[in-house]
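Colleague: Right, I'll just put the structure down here and ask away after.
The values are calculated or read from the model by the stated rules, or taken from the named source; none is laboratory data. Everything quoted here is computed from the prediction, not taken from an experiment. Positions of Cβ are generated from backbone atoms using ideal geometry, with glycine treated the same way; all protein chains shown enter the neighbour counts. Note: accessible area is taken over every heavy atom of the protein model, side chains too, but ligands, DNA and RNA are not part of it. Shrake-Rupley method; radii C 1.70, N 1.55, O 1.52, S 1.80 Å.
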Amino acid sequence: MRHGPVLPLLLAVSACGGTLASGTSAPAGREDRFGAVELVLNNRHWLDVVVRVEHDGETTRIGQVAAASSGRFSVPAWAMGSSGYVRFVADPVGSPVRSASDWVNVWGGQTVEWTLESQLDRSSLLVY
């Protein structure tokens, strides 16, 4: 009977935890970790670029943006990997040079704005 008082206590504690009823939302400020991410690519380079995302040792093609134009893509949650750490890669069509962002942690619902400059090593990435 040494464990007797522990069982009622565990049952009482587990009864306090609950789930959100259907139709209610998560607490304010909590982001959906597994939602899609919006990628905005401003291509100031003189070549078209193919955009990819690297995640979990894999590379997924996102799309292509024409020279001196912008593109907007919805990156599905599965392409963001299990950890959320990704790197965006731009391959200019017809050039051996490529540009890759730093590894960033991205959450569902966020927007990634990547600006590729004519000199690719001057490119910048913004997550908000």
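Colleague: Residues in the stretch 78-93: is at least one more than 11 Å from the chain's Cα centre (by Cα), modelled with pLDDT of 95 or more and closer than 15 Å to Val127 by Cβ?
Modeller: No, the stretch 78-93 contains no residue that is more than 11 Å from the chain's Cα centre (by Cα), modelled with pLDDT of 95 or more and closer than 15 Å to Val127 by Cβ.
Colleague: Right, another one. Out of the stretch 73-95, which residues are open to solvent by 50 Å² or more (accessible area, probe 1.4 Å) and part of a strand (DSSP E or B)?
Modeller: Correct list: Ser74, Tyr85, Arg87.
Colleague: I'd like the full set of residues that are part of a strand (DSSP E or B), small (Gly, Ala, Ser) and open to solvent by less than 20 Å² (accessible area, probe 1.4 Å), limited to the stretch 96-128.
Modeller: Hit for the stretch 96-128 is Ser99, nothing else.
Colleague: State which residue is nearest to Arg98 (Cα to Cα) when the search covers only the stretch 43-85 and only residues that are of a type in the set (Gly, Ala, Ser) and touching a His at 6+ places or on another chain (Cβ under 7 Å).
Modeller: So the residue we want is Ala67.
Colleague: Can I ask one more? Return a yes/no flag: does the stretch 111-118 have any residue that is under 15 Å from the mean Cα position of the chain (by Cα) and free of Cβ contacts under 8 Å to residues at least 60 places away in the same chain.
Modeller: No, the stretch 111-118 contains no residue that is under 15 Å from the mean Cα position of the chain (by Cα) and free of Cβ contacts under 8 Å to residues at least 60 places away in the same chain.
Colleague: Do you know which of the residues in the stretch 49-67 that are modelled with pLDDT of 95 or more and outside any strand (DSSP E or B) is nearest to Leu116 (Cα to Cα)?
Modeller: Within the stretch 49-67, the match that is nearest to Leu116 (Cα to Cα) is Ala67.
Colleague: Which of the residues that make up the stretch 36-66 are in contact with a Phe, Trp or Tyr (Cβ under 6 Å, 6 or more places away or on another chain), closer than 18 Å to Asp121 by Cβ and open to solvent by 20 Å² or more (accessible area, probe 1.4 Å)?
Modeller: Matches in the stretch 36-66: none.
Colleague: Here's something else I'd like to know. Is it the case, given these coordinates, that Ser70 is open to solvent by 60 Å² or more (accessible area, probe 1.4 Å), more than 17 Å from the chain's Cα centre (by Cα) and among the polar types (S, T, N, Q)?
Modeller: Yes, satisfied.
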